[in-house]
Amino acid sequence: MNQETMQELFVEQLRDIYDAEKQLVKALPKLAKAAESEELSEALTSHLEETKNHVQRVERIFQMVKTNAKSKPCKGMKGLIEEGNEAIQEEDEGVLRDLAIIAGCQKVEHYEISAYGTIRTLAEQLEMEDVVQLLQETEDEESQADEKLTEVATGIYESDAGEEQNEEAEETAAPARGSRTAAKTAGKGR
């Protein structure tokens, strides 16, 4: 494969991820607003700021490779965002909606990790070391965002399990209290 063809593929992939990141800048505020968990909302808002930086970083890479910063519609990201929007519409507010939002966001993160890994490898083959560093930085941030979402989901699971245990304990205690009251009342009637 010649360098020119690989360079064209690199630019095509860069345009794809540029569009993907710009789509996310529009989608993340809606997801953050739909989240009930404050921790999830904060994680999404924080990642929105990172995503804005990713857009700027990709624009910087376009400049480095002397190519116009132009998007190529990213159908993969469009589909993932549509799935996330469906989760918001289909699930009632609460734990299940938050977990559905996290599932959708983690699909997005995995898509981005893969995309940045691919384009970084192309940049390595084209011996664009400065570009490789920027792409690796973004890929690392996407991995960290994925890990943060896993932490948030784990916290939600644990919190929900704790609430269920408390509810079960209260339900178990209620009949026992009722039985004592009934016994006392029965004893007074004698």
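The values are calculated or read from the model by the stated rules, or taken from the named source; none is laboratory data. Treat the numbers as computed from the prediction; the structure is a model and nothing was measured. Neighbour counts run over all protein chains shown; Cβ positions are idealised from the backbone, glycine included.
Computed values, structure above
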| read-out | value |
| --- | --- |
| Any hit, region 22-32, residues being under 20 Å from GLU151 (Cα atoms) and in contact (Cβ under 8 Å) with a residue 60 or more places away in the chain | yes |
| Qualifying residue in region 90-98 (condition: exposed (fewer than 14 other Cβ atoms within 10 Å of the Cβ) and at pLDDT 95 or above) | no |
| Yes/no for SER41 being assigned to a loop (DSSP other than H, G, I, E, B), touching a helix residue (DSSP H, G or I) at 6+ places or on another chain (Cβ under 7 Å) and either modelled with pLDDT of 95 or more or loosely packed, with under 15 Cβ neighbours inside 10 Å (or both) | no |
| The one condition in (1) in contact (Cβ under 8 Å) with a residue 24 or more places away in the chain; (2) more than 24 Å from LEU134 (Cα to Cα); (3) assigned to a helix (DSSP H, G or I) that GLU36 fails to fulfil | (3) |
| Test: residue in region 118-125 that is more than 14 Å from the chain's Cα centre (by Cα), at negative phi, hydroxyl-bearing (Ser, Thr, Tyr) and crowded, with 20+ Cβ neighbours inside 10 Å | no |
| Breaking point among (1) under 15 Å from the mean Cα position of the chain (by Cα); (2) at pLDDT below 90, for ILE156 | (2) |
| Selection count, region 54-92, where residues are out of contact with any Ser or Thr (no Cβ under 7 Å at 6 or more places or on another chain) and in contact (Cβ under 8 Å) with a residue 24 or more places away in the chain | 24 |
| All positions within region 68-93 that are out of contact with any helix residue (DSSP H, G or I) (no Cβ under 9 Å at 6 or more places or on another chain), in a helix (DSSP H, G or I) and of a type in the set (Asp, Glu) | GLU82 |
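Here is a yes/no grid of residues against (1) among the aliphatic types (A, V, I, L, M); (2) at pLDDT 95 or above; (3) not in a helix (DSSP H, G or I):
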| position | (1), (2), (3) |
| --- | --- |
| GLU50 | no, yes, no |
| GLU59 | no, yes, no |
| LYS66 | no, yes, yes |
| ARG120 | no, yes, no |
| GLU124 | no, yes, no |
| ALA145 | yes, yes, no |
